[in-house]
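A quick write-up on the structure given underneath.
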Amino acid sequence: MEEDNSAAILHDVARFLAARSDLYTGGIPLRYLESTEEGSFSRLLFVRSDGKDSESALTRELTLYRKVIVDGMKVDPSRATLIELSRFSQVTDFTDCICVFLGEETYRSLSLDQVVPFGSPSFGGEFPVLVTFSLGEVLASQEKKREFWGHLKLLLPLLRDS
């Protein structure tokens, strides 16, 4: 019973921090995420900008996306979806879903009220959100690739196995 109470307290602390993420620029500490939300989500929705990329650039981005999901995160591809921003408004069910916005501009263009620190999962709004680098940025920079992977690793404890 005491263990359940501790989890509830940590959950409340994480919600408090998420609601005040603009004041907590370092993001929510991983220990709160791991202890309060572990295994809470089964789906990932990746949202990219409406690209006018060349076919070869798009192919490279899609290849990277698949490697991230299958090889890096070890997530069944059926549990992850990549959509363009123009299709985001058509999504109606965010149950069990974490939305990963690829690129700050992608997230900002939605004009949502939820303030989300870059690279740190946020639970303060309608649905859980992570804002990270676009796939194009990741392909162009090894440093951003490392940071991108660090951002995505924060999601791993949050995902259910099935």
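The values are calculated or read from the model by the stated rules, or taken from the named source; none is laboratory data. The shown structure was predicted, so the numbers you read here are calculated from the model rather than taken from an experiment. Here the Cβ positions follow ideal geometry from the backbone for every residue, glycine too, while neighbour counts run over all protein chains shown.
List of remarks:
- Residue in region 145-162 that is farther than 21 Å from LYS67 by Cα, surrounded by fewer than 14 Cβ atoms within 10 Å (Cβ to Cβ) and more than 15 Å from the chain's Cα centre (by Cα) present: no
- Residue that is farthest from SER134 (Cα to Cα) [pool: residues in region 67-76 that are assigned to a helix (DSSP H, G or I) and not hydrophobic (A, V, I, L, M, F, W, C)]: ASP71
- Applying the condition of being in a loop (DSSP other than H, G, I, E, B) and within 21 Å of SER111 (Cα to Cα) to region 37-66 and asking which residue is modelled with the lowest pLDDT yields GLY51.
- Subset of region 108-121 [of a type outside the set (Val, Ile, Thr) and either touching a His at 6+ places or on another chain (Cβ under 9 Å) or within 13 Å of HIS151 (Cβ to Cβ) (or both)]: PRO117, PHE118, GLY119, SER120, PRO121
- Residue count for region 114-162 under the criterion of being in contact (Cβ under 8 Å) with a residue 60 or more places away in the chain and basic (Lys, Arg): the result is 1.
- Check on THR81, modelled with pLDDT of 90 or more and surrounded by 13 or more Cβ atoms within 10 Å (Cβ to Cβ): yes
- Failed condition for LYS74, given (1) touching a strand residue (DSSP E or B) at 6+ places or on another chain (Cβ under 8 Å); (2) surrounded by fewer than 18 Cβ atoms within 10 Å (Cβ to Cβ): (1)
Condition check ((1) within 21 Å of GLU61 (Cα to Cα); (2) among the basic types (Lys, Arg); (3) in contact with a Lys or Arg (Cβ under 8 Å, 6 or more places away or on another chain)) across all residues:
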| site | (1), (2), (3) |
| --- | --- |
| GLU84 | yes, no, yes |
| ASP93 | no, no, no |
| TYR107 | yes, no, no |
| VAL116 | no, no, no |
| SER120 | no, no, no |
| PHE133 | yes, no, yes |
| GLU137 | yes, no, yes |
| GLN142 | yes, no, no |
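- Checked against the criteria, VAL116 counts as surrounded by 22 or more Cβ atoms within 10 Å (Cβ to Cβ), over 10 Å from the mean Cα position of the chain (by Cα) and either on the phi > 0 side of the Ramachandran plot or among the β-branched types (Val, Ile, Thr) (or both).
- First in region 69-92 and at positive phi, second anywhere and modelled with pLDDT under 90, Cβ under 9 Å, 6 or more apart: LYS74/LEU156
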